[in-house]
Amino acid sequence: MDVSAGTVFTEFTQVRGDAQSVERTGSRRAEPRAWLRSVVWLVGAGPHPQAGPSTVKVAEDLASRMDFSLSLVLYDLDGTVARTGLSRATVKRHVRYLRELGALVWVRHGSKRNLRLPGRAYTATATIYGAVIPPVYDAAMGHRLVGSGYHARVCGVTEAGRAQAVGAARAAAKPNRKPKWKTERKQAAGERRRAGREPHSLGRYPQSSSAAGTFPPPEKSRRLNRFGTRLRLAVQLIAQVTWLRGCSVRRIAWVARHVADAGWSVVDVLAWLYFRGGTAIGHVHRASGLLATLLAGAEAALSTPEKRNSLVEDWRRSQEAMRRHRVPYVRHQREAFDGDWQAPSDPAVRQHVIDAYATAFRPAGHTSPGGADDGVPQPQYTSIRWEDLDREELAEGRALVERQLLAGDPSTVVNAVHLVGRPTAERLYGADLVHRAEQLTRLAHSPRTTLGSR
């Protein structure tokens, strides 16, 4: 049975009486999208002379509220009237048309009888409809069905149905052709652009012979709206203010919305934060709240660009003064750690240093210049008997030195190198530990590191 749009159905019989119930219907259950396609086809094909656009409108409202798995929907007469804008009588009438088309079946009849539910003064019984597709639609589409009635389902298509489906798919795949008036307008615009251009010119280049070697002006950047300006200022603030790192861009944009809307730049905000003392702050628990406090009343205090420019100039002068003040300090620090040791300027202190060096590095058994040994017994390092040293004690000593090196303390090995020499120190602690101690010592005196007391 080939049915197309506009066909007048002489054999179609409207569904009435018990055939509109789910137990006696000859239509099959369908999911909402397929059901809505069938309703549109039924209304367009015209088996029911009174069905029309309002029928489709009511069907769309039902399909939007329909259950996808069971294809059931509540009638909801008052809600349908409010959503569709139709009158109550019109909605009732077109729902009846859908039942007569075989597209809706009764699942449960509604009643005004009070169900007497606990906690409710009055509760009526709702009407429930089921979405179904009549056999006339399946015959027109070439569907093969298995089963009968409400529980029938599609199991295949006929040859005519396959050809019809292929034709519909090809028609849907064709690109929509532009209206003729759009094509003519586009051609006219192209002719206007080509006016005055050399025949061989393919691009947007000037025609004048005096403009040789020139290029078209760059396209103007898109102007940001109010929200884009807020987000841009928030991103710049998070990048340049240390205690704002890690904050949400949208939150900072909301906090700084007043100054952003007033036309403030990130430099203006940085100058204001410096004026309020907000640039030398360390870790902050809630940075957005602190920013809101610091920016409170800023747009009112600096309401004109001249005031903001004056504050920015003061801020830049202070930054330059701080930089100049820091230059001698940094130079002094680098000279102190990178340069050679300078002797004290006080003669008494310098003499104490000389005596200390002489005491620390004098040979074994040598006394002080006065002939006495200052009452301090001097250890003898020149005649170490390696065979008398216990291997376990040596191992424990090396383990202790290794733990000290891991903690960043090379003093034991460095002192041993100064007192007994590098060969003896390497024999005591090993060449590897001596080398590591020297590396730590060099790092401790470098301005690029912060080991030890620095």
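The values are calculated or read from the model by the stated rules, or taken from the named source; none is laboratory data. Keep in mind that this is a model prediction, so the values were computed, not measured. Here Cβ is always computed from backbone atoms with ideal geometry, including for glycine, and neighbour counts include all displayed protein chains. Note: areas computed on protein heavy atoms with side chains; ligands, DNA, RNA excluded. Shrake-Rupley method; radii C 1.70, N 1.55, O 1.52, S 1.80 Å.
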Given a 1.4 Å probe and the protein chains all in place, what does the accessible area of Phe12 round to, in Å² to the nearest 10? 40
Among 390-401, 318-329, 39-50, 63-74, what's the highest-first ranking by average C-beta atoms within 10 angstrom per residue? 39-50, 63-74, 390-401, 318-329
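Quick check: residue separation of Glu306 and Arg16 times 0.36 nm, minus the Cα distance between them. What number comes out in nm?
Details: separation 290, 0.36 × 290 = 104.40 nm, distance 8.39 nm.
The span from Glu306 to Arg16 would gain 96.0 nm if fully extended.
Between Rg and the Kirkwood Rh of the range 56-120, both from Cα atoms, what is the Rg to Rh ratio? Spell out each step's value before the answer.
Details: Rg = 13.2 Å, Rh = 13.2 Å.
On the Cα set of the range 56-120, Rg over Rh gives 1.00.
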To check my understanding: the extent here is largest minus smallest coordinate of the Cα atoms along each principal axis. What are those three numbers for the range 1-160, in Å, largest first? 59, 32, 27
Please compute the modelled spin-label separation between Glu23 and Phe227, points set 7 Å along Cα→Cβ, answer in nm with one decimal. 5.7
Can you give the FRET efficiency for Thr424 and His332, using 1/(1 + (r/R0)^6), R0 = 45 Å, r = Cβ-Cβ distance, to the nearest 0.05? 0.70
Please give the contour-minus-distance gain from Leu70 to Thr123: 0.36 nm per residue of separation, less the Cα-Cα distance, rounded to one decimal in nm. 16.7 nm
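Between Asn415 and Ala165, take the C-beta separation as r, use R0 = 56 Å, and let me know the FRET efficiency to the nearest 0.05. Mind showing how you got there, number by number?
On the way: r = 95 Å, r/R0 = 1.69.
That gives a FRET efficiency of 0.05.
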